[in-house]
Amino acid sequence: MQLRVDALEGHLAKTIAPLYVISSDEHLLALEAADKIRRAARANGYSERDVLTVERTFKWGELLAANQALSLFGDKKLIELRIPTGKPGKDGGAALQSYAKDLSPDNLTLITLPKLDWQTAKAAWVGALQQAAVYIDIPAVERPQLPGWIGTRLAAHGLSADRQSLDFIADRVEGNLLAAHQEIQKLALLHDPGKLTFEQVHDAVLNVARYDVFKLSEAMLAGDPARLVRMLEGLKGEGEALPLVLWAVAEEIRTLLKLKSGMAQGRPLGVLLKEHRIWGPRERMMEPALRRISLPTLEGAMRDAAQVDKMIKGLRAKGFAGDAWDAMLQLALKVTRG
């Protein structure tokens, strides 16, 4: 049974299932969902708790043993199985399929996974869990959705803010829902219910952005130069290694070039995306980006990337003035603007 995360509380108020699976890369939302299940388990008499984490040395017999072991005090038990990689392996896949077929009536099991890639999502063990469990797949909160998400969270505290203030918070917590949650909690402590002014938000919210070098590609694909400049400045200020930044940008340019070249040869974009293992939010961003960016621009960007690499190594480069970070910015903006 598939269940939306926003329907979980209503579901738990009516019933409790023997098996829940949470799959998400949004750690805050996954943690909140897991906490709701734990609270419901305690309220329904599951007073003992076993926590198992699948690591390299994990033995799958531990899961079966936990399911079969009787409680010392005759109480019902909550078993938590955490699979941080989302890759249980051959033995793990078989164990999970067997486990899903033989759920103990005395136990409640909670399995947590990261967001699964398209190939793993087709595995037999995933299908077995989806059939036997209440399966909660929590999508990522993408940057365009973040102001609305923040507004909803503020409303839960009786607070509201205009779009400028919501965008300001979103910019400061770039890609970090936990940081956004903490800032919302802080605003709720500082101010009574009502509408917040921009000055109140500005004064209270810290710049807690955690700039992720791999999110630079999102700004490039979306054609968002302001976000790109902000992220590059943040990475530079945090002391990120410029070779890593260049590598991430160059890889995205190389991928775009392969897709654009394939399309120029008449190959369908859907086939090319599958061939290059591009899915999810990134897949949705590719088509408009490829319409915007020309093949000569991408070919020139690859040549420019080689010149930036020379600058990083202290060699003379053609066509760039300033330091290597400036050249990196010019390269990324070329792709962003198309």
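If I filter the stretch 149-162 down to residues being open to solvent by 30 Å² or more (accessible area, probe 1.4 Å) and outside any helix (DSSP H, G or I), which single residue comes out as farthest from V21 (Cα to Cα)?
D162
Give me the residue from the stretch 129-148 that is in a helix (DSSP H, G or I) and surrounded by 18 or more Cβ atoms within 10 Å (Cβ to Cβ) and, out of that set, nearest to the chain's Cα centre (by Cα).
Result: R143.
Out of the residues in the stretch 92-110 that are of a type in the set (S, T, Y) and surrounded by 20 or more Cβ atoms within 10 Å (Cβ to Cβ), which is nearest to D25 (Cα to Cα)? Even if it seems obvious, please write down each step before you answer.
As a first pass, look at the stretch 92-110 and keep what is of a type in the set (S, T, Y): 98-99, 104, 109.
Of the ones still in play, those that are also surrounded by 20 or more Cβ atoms within 10 Å (Cβ to Cβ) are 99, 109.
On the way: Y99: 24, T109: 20 Å.
Selected residue: T109.
In this structure, is T85 without any contact (Cβ under 8 Å) to a residue 60 or more places away in the chain and under 25 Å from the mean Cα position of the chain (by Cα)?
yes
Take the residues in the stretch 318-329 that are buried (at least 18 other Cβ atoms within 10 Å of the Cβ) and free of Cβ contacts under 8 Å to residues at least 60 places away in the same chain; name whichever of them is farthest from G234 (Cα to Cα).
F320
Please count how many residues of the stretch 303-329 are farther than 19 Å from A241 by Cβ and part of a helix (DSSP H, G or I).
Adding up the residues that qualify gives 2.
Taking into account only those residues within the stretch 172-225 that are under 26 Å from T336 (Cβ atoms) and among the aromatic types (F, W, Y), which is surrounded by the most Cβ atoms within 10 Å (Cβ to Cβ)?
Checked the stretch 172-225; the qualifying residue surrounded by the most Cβ atoms within 10 Å (Cβ to Cβ) is Y211.
Within the stretch 111-128, take every residue that is touching a Leu at 6+ places or on another chain (Cβ under 7 Å), touching a residue at least 24 places away in the same chain (Cβ under 8 Å) and not small (G, A, S) and give me the one that is least open to solvent (accessible area, probe 1.4 Å).
Ranking the candidates gives I111 first.
Collect the residues in the stretch 163-211 that are among the acidic types (D, E), part of a loop (DSSP other than H, G, I, E, B) and within 24 Å of P139 (Cβ to Cβ), keeping them in residue-number order.
Matches in the stretch 163-211: E174 only.
Give me the residue from the stretch 75-91 that is acidic (D, E) and surrounded by fewer than 15 Cβ atoms within 10 Å (Cβ to Cβ) and, out of that set, farthest from K36 (Cα to Cα). Give the derivation first.
Within the stretch 75-91, the first condition is being acidic (D, E), and the residues that meet it are 75, 80, 91.
Going one step further and asking which of them are surrounded by fewer than 15 Cβ atoms within 10 Å (Cβ to Cβ), we end up with 75, 91.
Values: D75: 20, D91: 30 Å.
Per the stated criteria, the residue is D91.
Sort out which residues of the stretch 109-128 are aromatic (F, W, Y) and under 16 Å from the mean Cα position of the chain (by Cα), and write them in order of number.
Hit for the stretch 109-128 is W118, nothing else.
Can you tell me which residues in the stretch 287-310 are among the basic types (K, R) and surrounded by 15 or more Cβ atoms within 10 Å (Cβ to Cβ)?
R292, K310
Can you spot a residue in the stretch 212-232 that is in the same structural domain as S23 (by the TED database), in a helix (DSSP H, G or I), over 25 Å from D6 (Cβ atoms) and of a type in the set (G, A, S)?
No - not one qualifying residue is present in the stretch 212-232.
What about R277, is it within 26 Å of Q119 (Cα to Cα), in a loop (DSSP other than H, G, I, E, B) and under 21 Å from the mean Cα position of the chain (by Cα)? Spell out how you get there, then give the answer.
Values: within 26 Å of Q119 (Cα to Cα): yes; in a loop (DSSP other than H, G, I, E, B): yes; under 21 Å from the mean Cα position of the chain (by Cα): yes.
So R277 passes the test.
Show the residue pairs meeting these rules: Cβ distance below 7 Å; 6+ apart or different chains; first residue within the stretch 212-232 and farther than 19 Å from R292 by Cα; second residue assigned to a helix (DSSP H, G or I) and acidic (D, E).
Listed by first residue and then by second, the contacts come to R230/D171.
Kindly check whether there is at least one residue in the stretch 330-338 that is assigned to a helix (DSSP H, G or I), of a type outside the set (A, V, I, L, M, F, W, C), open to solvent by 50 Å² or more (accessible area, probe 1.4 Å) and within 27 Å of A121 (Cα to Cα).
The answer is no, given that none of the residues of the stretch 330-338 is assigned to a helix (DSSP H, G or I), of a type outside the set (A, V, I, L, M, F, W, C), open to solvent by 50 Å² or more (accessible area, probe 1.4 Å) and within 27 Å of A121 (Cα to Cα).
The values are calculated or read from the model by the stated rules, or taken from the named source; none is laboratory data. Everything numeric in this text was worked out from a predicted model, so none of it was measured. So basically every Cβ, Gly included, is an ideal-geometry build from the backbone, and we count neighbours across all protein chains shown. Note: areas computed on protein heavy atoms with side chains; ligands, DNA, RNA excluded. Shrake-Rupley method; radii C 1.70, N 1.55, O 1.52, S 1.80 Å.
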